[in-house]
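The next block holds one structure in the form of structure tokens; read it before the comments.
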2 protein chains.
Amino acid sequence: MTKNEIRQSLIESHYVMDVPVSTPEDTRQENVVRILEAAERLFKHYGYAKTTVADIAKDLGMSPANIYRFFGSKSEIHKALANRMLEASRAVAWENAKRAVSATERLRDHFLQQHRITVETLLHENKVHEMVVVAIEEQWSVIEDHIMQLRAIVAGLVEEGIAMGEFRAQDAELAAECLCDCTVTLCHPQIIAECLFETRRATPADVVDFALRALK
Amino acid sequence: MTKNEIRQSLIESHYVMDVPVSTPEDTRQENVVRILEAAERLFKHYGYAKTTVADIAKDLGMSPANIYRFFGSKSEIHKALANRMLEASRAVAWENAKRAVSATERLRDHFLQQHRITVETLLHENKVHEMVVVAIEEQWSVIEDHIMQLRAIVAGLVEEGIAMGEFRAQDAELAAECLCDCTVTLCHPQIIAECLFETRRATPADVVDFALRALK
């Protein structure tokens, strides 16, 4: 038993009246979403470090025990939140990849959309940046998995572009990895945060157009 | 008068016997180098945060007052050290840029050399990474200036390549900025530290060769 599991079972034994004996899957999902939404609001407002599971419970009029029915720890809530945000950006990427325009245009829009999402979602609010740093430092697998999935989408587009004669014949997976490397300044939250106030001539579109030429 | 200057003058008034009344420029330079070398050794061994100016003085058999003759604070020593390391990597870049080979070959070697220097100098020792993080966070101007100088070297090579017909006609400065952006995964110490253990197919040479195609 981990420290958190012990803590959870201790808390549950005190609040046993509060915990439903059986929860149908849809009610469970509703609760998960309610908890994530409250957590996101509080993390954004007070910061990740300063928000406790008790704060989230209080905000929802729940007991902490009820929260621990769904998430083993604050870090698990954070992980689920990060995953939800990353899923949303992958949904945008899939929508874009299905469009009936050239592979070049879809790749261009892919990187510009991911850039916009990173800037808007992650940097407009200072407190969210703190969450991102914690996520990068502690929950590497969620981020790593996201990077792999985006890279697969890009590889698919490169492959289509090769098949259509838009790009020269080349190893699509290797090219996709190089292309994602070349556009990392547009999508990496820490680099974006560092460079936000730098004086630059190259716009995100300039960098993407430059990198895409390498495929031709 | 800043806090450090007050501290410095207070210390000097106690150790006045220790401070030479007039120091010829070459003796001054010798002392600066001795202090920087001791500081580098101690920072690397004990870490930047744990090393004090008194430690550096003790290591050299000097009084702290003597150190404060040359550097106003520990942060100034750190800044001078960072500058010395960055100067060394710029010297490598200038040597490479002068070679009588194609611009493509010089650009390729430029990025691979900078990658090797970053990996070797900055990451082989854990304590040096701490110094880099402090440098990036606090002494942005030294780093920023270094980036601008490297970018100017790259722009010169792109311009030569355009003149020689190796690259298509294009805005050399804008292309150089895009090229430096595209190779940031090879030269940014924090990105390198994050990606060091990631499983990747693209080697540094793959990424550089890919990015260089965009110039053609």
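The values are calculated or read from the model by the stated rules, or taken from the named source; none is laboratory data. Values in this document were obtained by computation on a predicted structure and should not be read as measured data. Because the Cβ atoms are built from the backbone with ideal geometry, glycine has one as well, and the counts that use them run over all protein chains shown. Ligands, DNA and RNA are excluded from the accessible area calculation, which covers all protein heavy atoms including side chains. Shrake-Rupley method; radii C 1.70, N 1.55, O 1.52, S 1.80 Å.
Which trypsin sites (Lys or Arg not before Pro) in the stretch B:127-179 pass both tests, a DSSP loop state and at most 16 other beta-carbon atoms within 10 Å? For trypsin sites (Lys or Arg not before Pro) across the stretch B:127-179 that sit outside H, G, I, E and B with at most 16 neighbouring Cβ atoms in 10 Å, the list reads B:Arg168. Cross-link pairs exceeding 24 Å in C-alpha to C-alpha distance, out of A:Lys127/B:Lys74; A:Lys44/A:Lys79; A:Lys79/A:Lys127; A:Lys50/B:Lys74, comprise A:Lys127/B:Lys74; A:Lys50/B:Lys74.
A simple spin-label model places pseudo-atoms 7 Å from Cα toward Cβ; at A:Ala54 and A:Ser102 they are separated by 6.1 nm. Using the Cβ-Cβ distance between A:Ala91 and B:Glu30 with R0 set to 41 Å, the FRET efficiency works out to roughly 0.05. Given R0 = 25 Å, the distance between the Cβ atoms of B:Ala152 and A:His45 translates into a calculated FRET efficiency of 0.05.
Peptide packing: for A:88-94, B:108-114, the average count of neighbouring Cβ atoms within 10 Å per residue gives the ranking B:108-114, A:88-94, highest mean first.
Find the relative contact order for the stretch B:76-213 and round it to a whole percent, using C-alpha pairs within less than 8 Å whose residues are 6+ positions apart.
32
Distance from the alpha carbon centroid of the stretch B:132-194 to that of the stretch A:152-181 works out to 25 angstrom. Accessible surface of A:Phe70, taken over heavy atoms with a 1.4 Å probe and every protein chain present, rounds to 30 Å².
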